[in-house]
Each structure stands twice: as C-alpha cells, then as structure tokens.
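Okay, so here's the structure we're looking at.
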Amino acid sequence: MFGLVALLCCATGGAARADGDYQLGHGLDLGPFNFAGYSNVVGSIPDQGQKSLAVDDLSLFVSGHLGQFFNPFTEAELSNFNVVSAGAPGRDPGDGHLLLERLYNDSYLTDATTLRLGKMLTPVGEWNVIHAAPLELTTVRPAVTDRNFAAYATGASVLYSDPYARLPDVQVYWQPSGEFAQRPDTITFHQYKTVEGAHVAVPFGLLDQVGFSFQQSKDIYGSDQSLYGLDFHYTLGRLTLQGEGTFSDINNNAVIHTRDTEWGAYAAASYAVSEKWSVYGWYEEFADRAAPSVAHDVLAGIAYRPQPPIVLRLEYLQNISGTPVNPTGVFAGWAVLF
C-alpha cells in the first residue's frame, strides 16, 4: 500500500509546478517531456553464496506527451552491479548490465482505449507492472512475480481503462517474434520467442482490485507454456493484503525438466505503524519446473519512508523446506524514486 500511495502522491504533487522545476519523485519537466527514474541499492547477506552490496537498479525514464497519437516512453537501466562482494558468485558475476527495459509509443484511440507499440512490460499480476523498486512491497521479490513467465513483450498491446471506473481494466498484448534488446540469460530465468496474453483487473476501490492473467508463450528452445494467474490487492485501514498465484502447463519440452507444470503462490500483509514506518511479510510456495521439490519461504521486514519517494528496508528470509528459489539470509534496500 505504501508504494501505491507514494506513486499517487508523486503523480499528483507536480500539478502546480512550473516547467523546468524538479521535484523528487516526479522528475523534471522540460516542455512536453519528463525525465525521471529510480535507484535501488541492495545489501545481501545470504547464509550460503555471495554476500554483496550492489546497485540492483539505476533506471532513467523519459516520457513525452506530444498529442493524441505520439506519446513515447523509454526506460534504460544499469542492473546487477556489485560495488562490494565476497564469496563465490552465482549465475551472474555482478559486473553490471546496461539494459533497455522499455521502449514504446502510446496512441490514445479514445478516452478509454490506448494502442501501445514497442517493448513493454507484460501485465502478469500486479508486481511486474509496478516495476520500480521504491513502489514495490519488499526488496526480495517472491519467485512467482518474476521467475515463471515472459516479463516483457515486443509488439503490440491494446489497453482499456474505464474513465468512470465502472468496468474492468483490460490489456491484451502480442509479441510475434523475439524480444527486442533481450536481457542476458545470466539475469533472467527464461528467454521467450513468441508471447501473447491478457490481463483483466476488476476494481473495488482506489487501490483494491482482483486480477486475472493468461499468457501463452514459446521459449527460444521451442517449449510451449500456458500460464493462468490470479492476483489481488485489498486495503483495510492500516492493513494491506495482497497476493498472486500462477499455474503453468509446459508442453513440447526441448529441454528436459523435472516436471511439465510449474506453479507458485504468495500471500503478503503490510501494516502502517505510522506515517513513515511499516512492517510487512509474505509467505510463498513455488514449484519450479527444474526443481525436485516445492520451495516454502517466509519473509519478514520493516520499512522506513522519510518521504514518499524514498524507502529503506530491512528483511529476513527463511527457506523453510524444499529446493530454495530465494536464499535464506538478511537483506537491506535503499530505493529512491527521483
């Protein structure tokens, strides 16, 4: 909830600013363009594996509002750059990667309908679309929010958002052949050739919703995957509940996996102790297609937000049983929306 409230505060706080003024959390307006971004510095002390202090993300957003049909958006990012590390590295050595995260144009066909062309995030659940670390619930993401689906699509998408919030929000998307500027395999779990899917979000208030996801994809090895998902977000005073679950059927395996299905689910709760302090936690079960047993993980943390665009977090994650997808350990994050 804190992340979504922060986003609303940042988005509405700049309405009265003069062109060229800078405000933390909103960025810099220069004519029809806005320059903004976020940073996320993460300290990781897992029980096993590499300990590190890393620039997990340093992102720059550039967006333009030039008319009904030309509204470009791009995001470039420095990711996974270890400032200090000790111990044997994992899949990624932590040397840093320069990435093109998003590059698309929005054309407003009607007040409610938008055509998006280019490289975009896929709306599988809520977490993947929020994307920016200062707006997310935790430093360590549940595996089901990023490990088992195509998080990006390069192609076309149609978005419907009822301006009166009486009908569900709908987004459909299609990637015909390959992801533009694909992330390297050291920092992503699967790479996809074709992707298509849809997400329907049924709102129950300003912040509350239930969402339904479907995604059909083919990876670069020829394996077909059909994913079905459910996500929810519900606020009750100072308490916020959220979660997500997915189930995938995997066919035509070109790579031998332990199982032909993959599933996972997490449930999270956060409580606003005060305007600046909150406590939170999540529990997750995740059955990775390549793992012999189901991972059971629990996380607890505390967050301090001195201003809406800035958050500091301290977390402890425990792998209770099964093949770990997130390591047991202590993690800390400092994220800033600028």
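For the range 102-123, state whether one or more residues are modelled with pLDDT of 95 or more, touching a strand residue (DSSP E or B) at 6+ places or on another chain (Cβ under 6 Å), crowded, with 17+ Cβ neighbours inside 10 Å and in a loop (DSSP other than H, G, I, E, B). Checked against the condition, which is being modelled with pLDDT of 95 or more, touching a strand residue (DSSP E or B) at 6+ places or on another chain (Cβ under 6 Å), crowded, with 17+ Cβ neighbours inside 10 Å and in a loop (DSSP other than H, G, I, E, B), the range 102-123 yields at least one hit. Selection of the range 191-237 for residues being surrounded by fewer than 17 Cβ atoms within 10 Å (Cβ to Cβ), among the hydroxyl-bearing types (Ser, Thr, Tyr) and part of a loop (DSSP other than H, G, I, E, B) yields only Tyr221. Taking the criterion of being touching a Gly at 6+ places or on another chain (Cβ under 6 Å) and under 25 Å from Ala300 (Cα atoms), would at least one residue in the range 233-243 satisfy it? No; the residues of the range 233-243 include none that is touching a Gly at 6+ places or on another chain (Cβ under 6 Å) and under 25 Å from Ala300 (Cα atoms).
Any residue that is assigned to a helix (DSSP H, G or I), crowded, with 21+ Cβ neighbours inside 10 Å and either modelled with pLDDT of 95 or more or among the hydroxyl-bearing types (Ser, Thr, Tyr) (or both) - is there at least one of those in the range 144-162? Don't jump to the end; show me each part of the working.
Within the range 144-162, the subset assigned to a helix (DSSP H, G or I) is 144-145.
Filter once more, keeping what is crowded, with 21+ Cβ neighbours inside 10 Å: 144-145.
Remaining after also requiring either modelled with pLDDT of 95 or more or among the hydroxyl-bearing types (Ser, Thr, Tyr) (or both): 144-145.
Yes, there is a match, as at least one residue in the range 144-162 is assigned to a helix (DSSP H, G or I), crowded, with 21+ Cβ neighbours inside 10 Å and either modelled with pLDDT of 95 or more or among the hydroxyl-bearing types (Ser, Thr, Tyr) (or both).
Annotation note: of Val255, Val279, the sole residue that is modelled with pLDDT under 95, over 13 Å from Pro142 (Cβ atoms) and aliphatic (A, V, I, L, M) is Val255.
Per-residue answers, yes or no, for (1) surrounded by 15 or more Cβ atoms within 10 Å (Cβ to Cβ); (2) in a strand (DSSP E or B); (3) in contact (Cβ under 8 Å) with a residue 24 or more places away in the chain:
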{"position": "Gly43", "(1), (2), (3)": "yes, yes, yes"}
{"position": "Gln48", "(1), (2), (3)": "no, no, yes"}
{"position": "Asp56", "(1), (2), (3)": "yes, yes, yes"}
{"position": "Glu75", "(1), (2), (3)": "yes, yes, yes"}
{"position": "Val83", "(1), (2), (3)": "no, yes, yes"}
{"position": "Pro93", "(1), (2), (3)": "no, no, yes"}
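Return the only residue of Gly64, Gly37, Gly87, Gly49 being at positive phi and either hydroxyl-bearing (Ser, Thr, Tyr) or modelled with pLDDT of 95 or more (or both). Only one candidate qualifies: Gly37. For the residues Phe232, Phe247, Phe286, the requirement of being in contact with a Pro (Cβ under 9 Å, 6 or more places away or on another chain), at pLDDT 95 or above and within 20 Å of Glu126 (Cα to Cα) singles out Phe286.
The values are calculated or read from the model by the stated rules, or taken from the named source; none is laboratory data. Quantities reported herein were computed from a predicted structural model and do not represent experimental measurements. We place every Cβ from the backbone using ideal geometry, glycine too, and count neighbours over all the protein chains shown.
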